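Below is one structure; the comments refer to it alone.
What follows is calculated from the coordinates using simple rules that are stated; it is not laboratory data. Keep in mind it's a predicted model, so treat the numbers as computed, not measured. Glycine also receives a Cβ, built like all others from the backbone with ideal geometry; neighbour counts cover every protein chain displayed.
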Amino acid sequence: MEVVVTGIGLLCALGESLWTSWSRLIAGESAIALHHPFPELPPTPLAPIAVSPTPLAPLTETTIATALKDANLVPPLPDCAVAIGSSRSHQGRWEQLARQFYRHPNPPRESLIPDNWLDTLPHMPAIATARSLGSTGPVFAPMAACATGIWAIAQGVQLIQSGHCQRAIVGAVEAPITPLTLAGFAKMGALAKTGCYPFDRDRQGLVLGEGAAAFVLESAELAHQRGAKIYGKILSFGLTNDACYGNAPDQSGTAAIAAILQSLTRAHLSPSDIDYIHAHGTSTQLNDCTEARIIQHLFPPGVPVSSTKGATGHALGASGALGTAFCLMAFHQGHLPPCVGLQNPAFDLDFVTTSRRTNPERVLCFSFGFGGQNAVLALGK
């Protein structure tokens, strides 16, 4: 059964809509700048949506509403499945509560706990989405590091193809600019000092960015019945795990290669059929090196490659969802997005350094997350 995308909602540091973000991306702009959101931490390159860190709940609500409007759908949608993930979820809110606890050492601390604390549990973006839709169908809340977004899309595809439903809203939301997240990545030596330069000889590390992307998936039959516009098809996916390190990719690339081959095999494609690869491209030393080696190993020379994290920052669990949206826009607009921030390539690949006009038919989107979570999505025009 064919599964198609009939609506997209996207919000990131590049802009408050899919089209604004796409226009700035194609122009080679970057939303990354030096920010100092927390006085106890030094200034850091970041890609926030607004001046202050964005709360997760309104980010989720806006993105879902935009996707539904784009698909020309109005709730209630009782038969619509939900798969909305996040790798950090409401962590920022819990850190705020922890601050209040430490500032008020004397009892009763219970008075500091909000009445709605249950709404900040990790799975609540998915539950909140189901409530807003009036959905009584299946609800999934994946949490798989940077692979979360593609994993959520894969779950929606499976639900439609297995006959559980004919429509699903899927994607990921992330508000990762928190003191603990920044301190953790800094302790690992993974944060950049000036900016994000994927696959560059002088790359320094990742830059955290806020973002969310949601998609309305439908069976092709349902989409055609209601005359919906179609951005593209979800051809297949591959999901694997390194079972190796907790904070670094397996440099052999064995499991990541398996995820790519799963995706190609299920879509009845060969590596030479792929017209573009949206790479994970975090700008860290290990990820970019391993990923470039995998692409060189599997694909023929000349396949165009880019990462959009130099423009949006790294939205962690939402990064694969953002990448998927940009891949679908490449179909829709006939442009490949550039690898913003890349000046001196460290690897012999056909990097898209400026927007490239072309008409891709089949593309891959990669997400390789911390802990060895590998997710690959194949999309068709």
Of the conditions (1) of a type in the set (Phe, Trp, Tyr); (2) surrounded by 19 or more Cβ atoms within 10 Å (Cβ to Cβ); (3) over 19 Å from Leu239 (Cβ atoms); (4) out of contact with any His (no Cβ under 7 Å at 6 or more places or on another chain), the single one that Phe347 does not satisfy is (2)
Read through the list (1) more than 21 Å from Ala186 (Cα to Cα); (2) surrounded by 13 or more Cβ atoms within 10 Å (Cβ to Cβ), then give the number of the only condition that Val51 fails.
(2)
Mind checking which residues of the range 184-207 are at negative phi and either touching an Asp or Glu at 6+ places or on another chain (Cβ under 9 Å) or of a type in the set (D, E, K, R) (or both)?
Lys187, Lys193, Pro198, Asp200, Arg201, Asp202, Arg203
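Would you point out which residue out of Thr194, Thr240 is in contact (Cβ under 8 Å) with a residue 60 or more places away in the chain and surrounded by 14 or more Cβ atoms within 10 Å (Cβ to Cβ)? Please lay out each step first, then the result.
Working: Thr194 fails: surrounded by 14 or more Cβ atoms within 10 Å (Cβ to Cβ).
Step by step, each of Thr194, Thr240 is checked, and only Thr240 is in contact (Cβ under 8 Å) with a residue 60 or more places away in the chain and surrounded by 14 or more Cβ atoms within 10 Å (Cβ to Cβ).
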Scanning the range 262-277 residue by residue, the ones that are surrounded by fewer than 21 Cβ atoms within 10 Å (Cβ to Cβ) and touching a Gly at 6+ places or on another chain (Cβ under 7 Å) total 1
When Arg93 is run through (1) without any contact (Cβ under 8 Å) to a residue 60 or more places away in the chain; (2) out of contact with any Leu (no Cβ under 7 Å at 6 or more places or on another chain); (3) in a helix (DSSP H, G or I); (4) exposed (fewer than 15 other Cβ atoms within 10 Å of the Cβ), the failure sits at (4)
Of all the residues that make up the range 119-143, how many are assigned to a helix (DSSP H, G or I) and within 18 Å of Leu316 (Cβ to Cβ)?
4
Between Arg266, Arg226, Arg201, which is among the basic types (Lys, Arg) and over 26 Å from Gly7 (Cβ atoms)?
Arg201
Taking the range 265-289 on its own, how many of its residues are within 26 Å of Thr194 (Cβ to Cβ) and either in contact with a Ser or Thr (Cβ under 8 Å, 6 or more places away or on another chain) or touching a residue at least 60 places away in the same chain (Cβ under 8 Å) (or both)?
10
Residues of the range 176-224 being over 25 Å from Asp348 (Cα atoms) and either assigned to a loop (DSSP other than H, G, I, E, B) or acidic (Asp, Glu) (or both), in sequence order, are Pro176, Ile177, Thr178, Gly189, Lys193, Glu210, Glu218, Glu221
I'd like to know if the range 124-141 contains one or more residues that are of a type in the set (D, E, K, R), on the phi < 0 side of the Ramachandran plot and touching a Pro at 6+ places or on another chain (Cβ under 8 Å).
no
Looking at the range 57-71 only, could you name the residues that are in contact with a strand residue (DSSP E or B) (Cβ under 8 Å, 6 or more places away or on another chain) and not hydrophobic (A, V, I, L, M, F, W, C)?
Thr60, Thr62, Thr63, Thr66, Lys69, Asp70
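Residues are listed down the side, and each one gets a yes or a no for (1) buried (at least 23 other Cβ atoms within 10 Å of the Cβ); (2) on the phi < 0 side of the Ramachandran plot:
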| residue | (1), (2) |
| --- | --- |
| Leu298 | no, yes |
| Pro304 | no, yes |
| Ala315 | yes, yes |
| Ala318 | yes, yes |
| Ala321 | yes, yes |
| Ala325 | yes, yes |
| Gly334 | no, no |
| Pro337 | yes, yes |
| Gly341 | yes, no |
Residues of the range 140-153 being surrounded by fewer than 24 Cβ atoms within 10 Å (Cβ to Cβ), over 22 Å from Ser283 (Cα atoms) and in contact with a Leu (Cβ under 9 Å, 6 or more places away or on another chain), in sequence order, are Phe140
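Just to be sure, is Arg88 of a type outside the set (A, V, I, L, M, F, W, C), assigned to a helix (DSSP H, G or I) and on the phi < 0 side of the Ramachandran plot?
no
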Residues satisfying the stated conditions in the range 206-234, i.e. among the aliphatic types (A, V, I, L, M) and buried (at least 24 other Cβ atoms within 10 Å of the Cβ):
Leu206, Val207, Leu208, Ala212, Ala213, Ala214, Val216, Leu217, Ile234
